[in-house]
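Heads up, the thing below is written out as C-alpha cells.
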Amino acid sequence: MKLIFLHGPAAAGKLTVGRALQQMTGLRLFHNHLVVDTLLSVFQFGTPPFVRLREQIWLSVFEAAAKDDISLIFTFAPESTVNPGFIESAISTVRKSGGEICFVELTCPTEELENRMENPSRAEFLKLRSVATFRALRMQGADCFPPLPSSGLSIDTSTVKPVAAARRICEHFQLEILPVPARVQYYPET
C-alpha cells in the first residue's frame with residue numbers, strides 16, 4: 001500500500017494534481033475536503049471537536065486502506081489547526097499496517113495562489129476562496145506548520161501542468177501508469 005501524500009498551501013493545486021494522478025493510475029483519491037466539509041456541517045472550523053474528529057477520520061481511513069492494501073492519494077494543507085503530531089501519527093499508522101507514505105510537496109508563488117483563490121472551481125467544496133481571508137490567515141501564522149518529511153519531490157504548480165506533475169509523481173514513486181485513463185468504480189456493477 002502506498003499513500004501518496006500531496007501537501008501544500010491553499011490553492012497550490014493539490015486536488016487538481018490528485019485528480020490527474022487518479023486518472024493516470026486508478027488510485028483512490030481521498031482529498032481532505034471530504035472530511036473537512038463533512039465536519040463543517042456540524043462544527044465550526046478549528047474547534048476542538050472538529051480538530052479531533054478530522055484527525056481520527058483521516059487516520060482511520062489510512063489504517064483501513066493500509067490493512068486492505070488499497071493505495072490512495074491524500075491531499076493535505078498544513079495549517080495551524082492541525083495537530084503537529086498528526087504527520088508522525090500518519091506515518092506510524094500506515095507503516096504499522098505494512099504501508100508506505102510518499103510525500104509530495106506542491107509549491108506555488110503567493111501571487112499565483114492569490115490569483116487562484118477566487119477561481120470558481122474552488123466552490124465545489126468549502127475551500128478558502130477569499131484573498132483577504134487568505135492574507136489574514138497568513139499574517140496570523142495560520143500556515144505555520146512543522147516541516148513535513150521530504151521524499152525529494154517538490155513540484156511548483158505554477159510552472160508544471162497537472163498531468164505533467166502526476167507523471168513526475170508516478171516516475172518518482174514507480175507507480176504504474178495505466179494505458180487508458182482510469183474509470184474509478186464506486187459501486188458494484190450489476
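The values are calculated or read from the model by the stated rules, or taken from the named source; none is laboratory data. Note that the coordinates shown come from a computational prediction; the quantities given were computed from them, not determined experimentally. Glycine also receives a Cβ, built like all others from the backbone with ideal geometry; neighbour counts cover every protein chain displayed.
The rows are residues; the columns are (1) farther than 16 Å from GLU79 by Cα; (2) over 17 Å from the mean Cα position of the chain (by Cα); (3) free of Cβ contacts under 8 Å to residues at least 12 places away in the same chain; (4) not in a helix (DSSP H, G or I).
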{"site": "ALA136", "(1), (2), (3), (4)": "no, yes, yes, no"}
{"site": "PHE145", "(1), (2), (3), (4)": "no, no, no, yes"}
{"site": "ALA164", "(1), (2), (3), (4)": "yes, yes, yes, no"}
{"site": "LEU178", "(1), (2), (3), (4)": "yes, yes, no, yes"}
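Counting only residues that are among the hydrophobic types (A, V, I, L, M, F, W, C), touching a Ser or Thr at 6+ places or on another chain (Cβ under 6 Å) and within 21 Å of ILE4 (Cβ to Cβ), how many does region 29-61 have?
1
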Given the criteria more than 15 Å from the chain's Cα centre (by Cα), assigned to a loop (DSSP other than H, G, I, E, B) and buried (at least 16 other Cβ atoms within 10 Å of the Cβ), does ARG129 qualify? yes
Hey, any hits in region 74-86 for a residue that's part of a helix (DSSP H, G or I) and within 25 Å of ALA12 (Cα to Cα)? yes
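With respect to SER154, determine if the residue is surrounded by fewer than 14 Cβ atoms within 10 Å (Cβ to Cβ), at pLDDT below 95 and among the polar types (S, T, N, Q).
No; evaluated as a whole, the condition is false for this residue.
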Output yes when any residue across region 112-132 is over 20 Å from ARG19 (Cα atoms), at pLDDT below 90 and touching a Cys at 6+ places or on another chain (Cβ under 9 Å), and no when none is. no
Looking only at region 16-43, how many residues end up being surrounded by fewer than 17 Cβ atoms within 10 Å (Cβ to Cβ) and more than 11 Å from the chain's Cα centre (by Cα)? 7
State whether the residues of region 51-61 include one that is surrounded by 17 or more Cβ atoms within 10 Å (Cβ to Cβ), in contact with a strand residue (DSSP E or B) (Cβ under 8 Å, 6 or more places away or on another chain) and within 24 Å of GLU124 (Cβ to Cβ). yes
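Of all residues in region 20-54, which are charged (D, E, K, R), outside any strand (DSSP E or B) and in contact (Cβ under 8 Å) with a residue 12 or more places away in the chain?
Result: ASP37, ARG54.
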Kindly check whether there is at least one residue in region 14-23 that is among the basic types (Lys, Arg), closer than 20 Å to SER130 by Cβ and in contact with a Leu (Cβ under 7 Å, 6 or more places away or on another chain). yes
